[in-house]
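Below is one structure; the comments refer to it alone.
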């Protein structure tokens, strides 16, 4: 009766094994479940217990320690992965109408200055974008469509959109590029016809989009610790655009500071960072400047690091 009453009033019961699971999740991923989110954490873990037919959290903890791959399954369950095409549309409008024209102008000038040089302008027209926490792929494909539509001569550019996530199931969905009909509603009809192949129950991202997007496993915890994604070289970084939206909310404040520093390091000087609606960076120290006229959360890395300061 006491247990039932405490749960009815929303009190969380102490469970050393559940706490140990939570600690281990944090060690592996930096995903932080504050006290107000403990009920959600418990709910997700208990759902997995039911799937496995295990009696309690201690049994599941033992299963986790004996089956390392189970942590991947658990992380899939703990991350909500809510996303949709052209989420935060003001950011895509700013990208198309302001950022891309500025990039075209700057790179055009660089190309002209390079004429006659020994390098021949090699690499100037490369455009690198990172979507960190890409979920099931709607964000990177939205970025790819915006680039193809917003650049005056997209075929003149060497474009790479790197899409990374910790969830294996999300990465599989992003690589397949299939979306049910109800998930396609935010795509303008002309872009849907142009860049997707309709099929029963939905549509597949077409080859023109898929050729721009490279999907990779990406654990931000490892990235913050200085480890590069598998298959990356020591020059990983130098991105012109980084999208990391609705990801920071999963981390503790200390980890959020480290994540902001990491994302800034990944940006090329003058590069842009797009964050989620609830993820302003004014509480953190960084070398990023808010873009005041964007009408949405967009930051730009200062080109002269000596003038960096916290906002």
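Coordinate-derived values only; no laboratory data. None of the values given here were measured: they were computed from a predicted structure. Because the Cβ atoms are built from the backbone with ideal geometry, glycine has one as well, and the counts that use them run over all protein chains shown.
For this structure, a couple of remarks:
- Neighbour-count ranking [beta-carbon atoms within 10 angstrom, fewest first] of 284, 243: 284, 243
- Over the chain: helical MRE at 222 nm, DSSP H runs n ≥ 4 each giving -39500 (n - 2.57), nearest 500: -12000 deg cm²/dmol
- Computed over all pairs of different Cα atoms, the Kirkwood value for the hydrodynamic radius of the chain is 21.4 Å.
- Cβ crowding within 10 Å, taken as a proxy for footprinting-reagent exposure, orders 176, 279, 102 from fewest neighbours to most as 102, 176, 279.
- Angle between the chain longest axis and helix 38-52 axis [Cα atoms, degrees, rounded to 10]: 80 degrees
- Residue among 61, 127, 95 with the largest mean-square fluctuation in a Gaussian network model of the chain, springs linking Cα atoms under 10 Å: 61
- Candidates 211, 232, 167, ranked by Gaussian network fluctuation over the chain, Cα under 10 Å, top entry: 232
- The long axis of helix 138-150 is offset from the longest Cα principal axis of the chain by roughly 10 degrees.
- The spacing between region 86-118 and region 154-217, judged by their C-alpha centroids, is 23 Å.
- Rule-of-thumb Rg ratio for region 181-311 [Cα; 2.2 N^0.38 Å; N residues]: 1.25
- GNM remark for the chain: springs join alpha carbons under 10 Å apart, and the peak mean-square fluctuation among 152, 175, 87 falls on 152.
- Length-normalised contact order for the chain - Cα pairs under 8 Å, 6+ apart - percent: 15 percent
- Panel order for 130, 103, 77, by other beta carbons found within 10 Å of each beta carbon, from fewest to most: 77, 103, 130.
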